[in-house]
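The values are calculated or read from the model by the stated rules, or taken from the named source; none is laboratory data. For clarity, every value in this text was computed on a predicted model and none was experimentally measured. Here the Cβ is made from the backbone with ideal geometry for all residues, glycine too, and neighbour counts use every protein chain on show.
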Amino acid sequence: MSKERDMRRTDWKRITKRRYVSRGEADIFGSAGRISLTLIDEVTGPLTVHYHSRAVLIADAGYSWLQAAVPGARWWLTAMFDECDRLIQIYFDITGGSRFDDPENPTFEDMYLDIVVSADGSIEVVDRDELDEALQSGAHLTSLRRTRSGGFTLENAWDLEEFLKKLQNIETK
């Protein structure tokens with residue numbers, strides 16, 4: 001199922017010693033958000049992830065992660081660098097929205113599919129197994145409400161009676 005994650009990655013026990021700095025009000029793709037840098041000093045063991053075509057080492061002593069989050073955005077960006085500050089990959093978590101209840105440590109609901117852009121520019125969709133598991137769990141959608149479509153928002157919407165009155169006024173003219 002989906003999990004809540006935080007910018008400090010406090011749930012990640014693999015990192016035994018880290019340095020963390022963050023800055024708010026950063027310009028992230030034209031929106032105000034928060035960025036952070038986690039310098040990984042010590043780990044219980046390196047983390048290698050396996051994608052369809054390759055194995056990639058993403059966390060070890062000397063590695064760093066740069067994260068970016070925007071309030072309400074449905075994505076969370078993590079750029080991962082090796083011990084020589086070379087880009088390994090950019091990981092886009094698809095989220096249920098970023099929350100800034102604690103502005104020093106924003107959180108997000110980690111959803112089921114993520115996108116990885118490798119340093120060579122290749123793109124992969126990952127965590128399909130998490131989506132399959134969620135779909136097989138018997139969970140189901142009990143309601144769905146669209147609040148925006150392009151430039152149209154719920155705040156500017158007419159209710160049905162208002163729409164019918166306007167339509168009738170147009171027809172009688």
* Any pair with Cβ under 6 angstrom, 6 or more apart, that starts in the range 66-95 at a residue that is modelled with pLDDT under 90 and ends at one that is outside any strand (DSSP E or B) -> Pro71/Phe100; Thr95/Arg74
* To do: Note down all Cβ pairs under 6 Å where the first residue falls in the range 48-65 and is farther than 12 Å from Ile88 by Cβ, the second is of a type in the set (A, V, I, L, M), and they're at least six residues apart or on different chains.
  => Ala61/Val43
* For Glu25, indicate whether it is farther than 24 Å from Asp60 by Cα and of a type in the set (Asp, Glu). => yes
* Structure fact -> Among residues of the range 71-93 being under 9 Å from the mean Cα position of the chain (by Cα) and of a type in the set (A, V, I, L, M), the residue nearest to Lys13 (Cα to Cα) is Leu77
* Mind counting the residues in the range 26-44 that are on the phi < 0 side of the Ramachandran plot, surrounded by fewer than 14 Cβ atoms within 10 Å (Cβ to Cβ) and of a type in the set (Gly, Ala, Ser)? => 2
* Asked: Within the group Arg5, Arg23, Arg18, which residue is touching a residue at least 60 places away in the same chain (Cβ under 8 Å), part of a strand (DSSP E or B), touching a strand residue (DSSP E or B) at 6+ places or on another chain (Cβ under 9 Å) and not aliphatic (A, V, I, L, M)?
  -> Arg5
